[in-house]
Amino acid sequence: MKIKFFNKNRLLIEFNEQHIRITEVSILSSGAVKIINYGIIFLDNNGFNDNSSVVKADLIRDFLELHNIKTKEVSILLSYMGIISRSIQVPAMSQKDLESHMGLEMNEYIPVSSEEYKFDYKLMELINEQNRDFFNIMVAAVPKSCIEDAVSSIEDNDLGVVNIDILPNVLWRLLARDNTDMVAVEAGRSGMRLMLFKGKNLVLYADNPNNIDIFNNDDFFTLAEEIRGYLNFFSARHFGKSVDLIYLAGEICVNPDALEILGNSLGILVKPSLDRDNLAKNKLISCEEFIASASVYAGNVGLAIREV
């Protein structure tokens, strides 16, 4: 008999303009995360001109019924265009002083309207430079309309929102490592989102809404040139040094040619964000079918790690 005293299930739901990506996981008492259900709702394939929260709620309800999902707790991932995220450095201080400082200065770091955007920050790492301690901090601003749209879609199904996260943060959690400079690219029909990391420090986050046809190799060459521009930016700021590797995530990973085309075009190692080794490192338990498409769900997996 298998006894489960501490396991808990969670729905991880990603929202952007083009899709809703859903993963149901069980967080085991061992700290491992087991994938139970997963799937994608493509909004442009459902015949709706109206992608309101009501429509999205109906689509989510249909998905949950189809897969007989009873889990009620939801973690939301936002990957909409227009999310702003960057890294700042401030002198090390107490948690109380940091909260006060960020409350006063956030609008200086990201100068957008507080009436239209919700601000937040995360302490990424403590560093020492010239015998002084500093915090590297990820700051972010998310359109309030995006948050309200996602939350309404969940609450209309009598589900409870436990937390909300954003794509640059979950991919940072999943992929960023000390002493490794890299690019994470999430791409597909919903456009491209790119993160530049120097070690665990987010150097840059950028997005482009242009659709990428994942079965048109010409689009990969266009994407390679766009990525090259950001690599040149990184190199110019780091004495000619390039990144060590590029991770791919999202819908683009469905096409196995993407790794080779981008790698050959850019002359840099390109890897899927979630291969067997990375799944094992993050204690993910899943079926063979999910392993084959795991990088498509990299954002959801990064969200799952938050729950452990």
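Results for (1) closer than 15 Å to E73 by Cβ; (2) surrounded by fewer than 18 Cβ atoms within 10 Å (Cβ to Cβ); (3) charged (D, E, K, R), shown as yes or no for each residue.
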{"site": "N131", "(1), (2), (3)": "no, yes, no"}
{"site": "V139", "(1), (2), (3)": "no, no, no"}
{"site": "P143", "(1), (2), (3)": "no, no, no"}
{"site": "E155", "(1), (2), (3)": "yes, yes, yes"}
{"site": "N163", "(1), (2), (3)": "yes, yes, no"}
Can you find a residue that is modelled with pLDDT under 85, crowded, with 19+ Cβ neighbours inside 10 Å and either of a type outside the set (S, T, N, Q) or under 27 Å from R228 (Cα atoms) (or both) anywhere in region 280-291?
yes
Looking only at region 74-100, filter to residues that are surrounded by 16 or more Cβ atoms within 10 Å (Cβ to Cβ) and over 24 Å from N208 (Cα atoms); which one of those is nearest to the chain's Cα centre (by Cα)?
S75
Residue in region 147-167 that is in contact with a Phe, Trp or Tyr (Cβ under 7 Å, 6 or more places away or on another chain) and within 23 Å of A184 (Cα to Cα) present:
no
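The values are calculated or read from the model by the stated rules, or taken from the named source; none is laboratory data. Quantities reported herein were computed from a predicted structural model and do not represent experimental measurements. So basically every Cβ, Gly included, is an ideal-geometry build from the backbone, and we count neighbours across all protein chains shown.
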